[in-house]
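Have a look at the structure below, then the notes.
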Amino acid sequence: MKCIIIDDEKIARVILQTRCDEIDSLEVLEDFPNAIEAIKYLNRNRVDLIFLDIHMPKFNGLDFIRSLKNPPKIILITSNPNFAIEAFEYDFIVDYLLKPVQSDRFKKAIEKAKRKNLTFISSEPNSSVKEIENDFYVSIDRRLIKIDLPSIYLIEAKGDYIKIKTENKDYIVHSTLKKIEEKLPDSLFLKIHRSFIINIKKIIDIEDNSVLIKKDVIPVSRSKRPELMKRLDLL
Amino acid sequence: MESPNLKYINQLAAGDAAVKEELIHIIKTEFPEEKKEYCKSIESGDFSRIAEIIHRVKHKISILGLIEGYEIANVFEYNLRNSDLKGKAAFEKVLMAITAYIKTI
């Protein structure tokens, strides 16, 4: 993957360059101390991945993200995860790394970026390759919380909020069911009612108009039932 | 109190002397300048400017392995963004520890 680094701190750029040198598949084309120079470069050159510092003076990382027309994958670099919250609204944001960047965490982020590329490539019909992201991030009280996707068994609409129920904990997130549905893999999740998305692998029991997941009995809309039954045939 | 160290830099450099030297050079060059800027901004009472400088310095604090120092900087930065100087003395102790340490590396 061809990448560039944008960070106003010289030491951060050197650290990222060194981390990139550890991975054969990464080629750092350029590094930039500010986002304006990077935009000029991107107008003339194509890259696969950008390491982007969020907190920069004047034109910050979020301004940069908003200015991109055809954004490549982006890994955010930050001292404070709160600054990354807004950016996670965008699909092309792969991950975020806290400064100073640690080797293991860096490698995981690169693997995620590669998986995202693979998903894109394999999205043709009949492709047998299907990559599923195993986690995603939600913002709660100005903090980014990572949730393991397979651990989610139920998502319920609650007015302007959604309640995400996992094996270990429940989360209340300011979002809509529609928005989160777009981010979930079809192979695991299905909206079975206007207020509920379920993890179909967690179903214990099905009755005519409801499913039992853990201890929750969830209604199934009449219109959603055929899709649910079709999915279960595939399991 | 914890002491500054080169553990992170050594791990990152993984035996590459040039990388290690470059990182140390950046710290030794930039940190004194940032400390000066900090002192000036404290004198002028420009809270947002002080917070900006702390934001830059705290990356170096964590690179030098000061976990508590990083938290102290975080708290002070947060307070400054709310126009509060609480945490100044603790933060300046961290600056002094780094000032003394970089003379030895």
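Rule-based calculations on the coordinates, nothing more; no lab input. Here the structure is a predicted model, which is why all the values come from computation and not from measurement. No Cβ is skipped: glycine too gets one built from the backbone with ideal geometry, and neighbour counts run over all protein chains shown.
Starting from the 7 Å offset along Cα-to-Cβ, what nm value, one decimal, do you get for the label separation of residue A:46 and residue A:160?
With each label point 7 Å from Cα toward Cβ, the separation is 4.3 nm.
Once the dipole of segment A:131-235 is set up with Lys and Arg at +1 and Asp and Glu at -1 on Cβ about the Cα centre, which of A:218, A:232, A:187 lies farthest towards its positive end?
A:218
Expressed as a fraction of 2.2 N^0.38 Å, the rule-of-thumb size for a compact globular protein of N residues, what is the C-alpha radius of gyration of the protein assembly as shown?
Working: Rg = 23.6 Å, N = 340, 2.2 N^0.38 = 20.2 Å.
Normalised Rg, Cα atoms only: 1.17.
With each pseudo-label sitting 7 Å past Cα toward Cβ, what's the residue B:100-residue A:105 distance in nm, one decimal?
For the pair residue B:100/residue A:105, the computed spacing is 2.9 nm.
Have a look at B:16, B:84, B:46 and tell me which one the Gaussian network model of chain B (Cα, springs below 10 Å) gives the largest fluctuation.
Its mean-square fluctuation being the largest, the pick is B:16.
What does the average come to when, for each residue of peptide B:56-62, you count the partner chain Cβ atoms lying within 10 Å of its Cβ? Walk me through the intermediate numbers first.
On the way: counts 7, 0, 3, 10, 5, 1, 4.
Averaged over the peptide's residues, the number is 4.
About its Cα centre, how strong a charge dipole does the protein assembly as shown have in debye, to the nearest 20, once Lys and Arg get +1 and Asp and Glu get -1 at the Cβ? All intermediate terms of the calculation are to be shown ahead of the outcome.
Numbers: 56 positive and 54 negative charges, 132 e Å.
So the dipole magnitude of the protein assembly as shown works out to roughly 640 debye.
To make sure I understand, if each residue's beta carbon is the centre and we count other beta carbons within 10 Å, what order do A:154, B:80, A:144 fall in, fewest to most? Mind dumping the intermediate values first?
Working: A:154 20, B:80 25, A:144 17.
Least crowded to most crowded, the residues run A:144, A:154, B:80.
Write down Rg/Rh for segment A:2-121, rounded to two decimals, with Rg from the C-alpha atoms and Rh from the Kirkwood relation over Cα pairs. Please report the intermediate quantities before stating the final value.
On the way: Rg = 12.9 Å, Rh = 14.1 Å.
On the Cα set of segment A:2-121, Rg over Rh gives 0.91.
Below 13 angstrom from the Cβ of residue B:55, what's the summed charge of the other residues (Lys, Arg +1; Asp, Glu -1)? Each step should come with its number before you reach the end.
Numbers: positive: A:99, B:49, B:56, B:58, B:60, B:81; negative: A:7, A:8, A:9, A:53, B:34, B:37, B:52, B:77.
That sum, taken over residues with Cβ under 13 Å, equals -2.
Need one word for segment A:1-62: rounded, prolate or oblate. Basis is the Cα gyration tensor (sqrt eigenvalues a ≥ b ≥ c); a/c below 1.5 gives rounded, then a/b vs b/c decides. Each step should come with its number before you reach the end.
Numbers: a/c = 2.32, a/b = 1.26, b/c = 1.84.
It comes out oblate by the Cα gyration axes.
Of all beta bridges DSSP finds with both residues in chain A, what is the antiparallel percent, to the nearest 5? Could you put the intermediate results ahead of the total?
Numbers: 31 of 50 bridges.
Of the beta bridges lying entirely in chain A, close to 60 percent run antiparallel.
Could you tell me which of rounded, prolate or oblate describes segment B:1-93, using a ≥ b ≥ c as the square roots of the eigenvalues of the alpha-carbon gyration tensor, with rounded for a/c under 1.5 and, failing that, prolate when a/b is larger than b/c and oblate otherwise? Walk me through the numbers on the way to the answer.
On the way: a/c = 2.89, a/b = 1.87, b/c = 1.55.
Prolate, since a/c reaches 1.5 and a/b exceeds b/c.
Run through the DSSP bridge list for segment A:2-121 and note the antiparallel percent, rounded to the nearest 5. Working shown, then result.
On the way: 0 of 19 bridges.
About 0 percent, rounded to the nearest 5.
For peptide A:9-15, how many partner chain Cβ atoms fall within 10 Å of a residue's Cβ, on average? Don't jump to the answer; show the numbers that get you there.
Values: counts 6, 5, 13, 5, 1, 6, 8.
Per-residue shielding by partner chains comes out at 6.
Only Cα pairs within less than 10 Å get springs; with that Gaussian network setup on chain B, which residue of B:40, B:58, B:88 has the largest fluctuation?
Looking only at B:40, B:58, B:88, the biggest GNM fluctuation is shown by B:40.
So, in nm, how far is label residue A:151 from label residue A:21 when the simple model puts each one 7 Å beyond its Cα toward the Cβ?
3.7
Taking 0.36 nm per residue of separation and subtracting the Cα-Cα distance, what length does fully extending residue A:227 through residue A:206 add? Intermediate values should be presented prior to the final figure.
Details: separation 21, 0.36 × 21 = 7.56 nm, distance 1.36 nm.
Between residue A:227 and residue A:206, full extension yields an extra 6.2 nm.
How do B:64, A:184, B:12 rank when sorted from fewest to most other Cβ atoms within 10 Å of their own Cβ? It would help to have the intermediate numbers written out before the result.
Values: B:64 26, A:184 19, B:12 22.
Ascending number of Cβ neighbours within 10 Å: A:184, B:12, B:64.
Please report the relative contact order for chain A, taking Cα pairs under 8 Å with a sequence separation of at least 6, and give it as a percent rounded to a whole number.
Values: 365 pairs, mean separation 23.8, N = 235.
In percent, rounded to a whole number, it is 10.
Among A:56, B:1, what is the fewest-to-most ranking by other Cβ atoms within 10 Å? Before the final figure, lay out the partial values.
Details: A:56 19, B:1 8.
Arranged by neighbour count, lowest to highest, A:56, B:1 become B:1, A:56.
By how many degrees, 0 to 90 and rounded to 10, does the Cα axis of helix A:35-44 deviate from the longest principal axis of chain A?
80
Where Rh is the Kirkwood radius over the Cα pairs of segment A:152-234, the temperature 20 °C and the viscosity 1.002 mPa s, what D in µm²/s does Stokes-Einstein return?
On the way: Rh = 12.8 Å.
Here the translational diffusion coefficient equals 168 µm²/s.
May I ask for the distance between the Cα centers of segment A:1-78 and segment A:138-163, given as a whole number of Å?
So the two Cα centres are separated by 29 Å.
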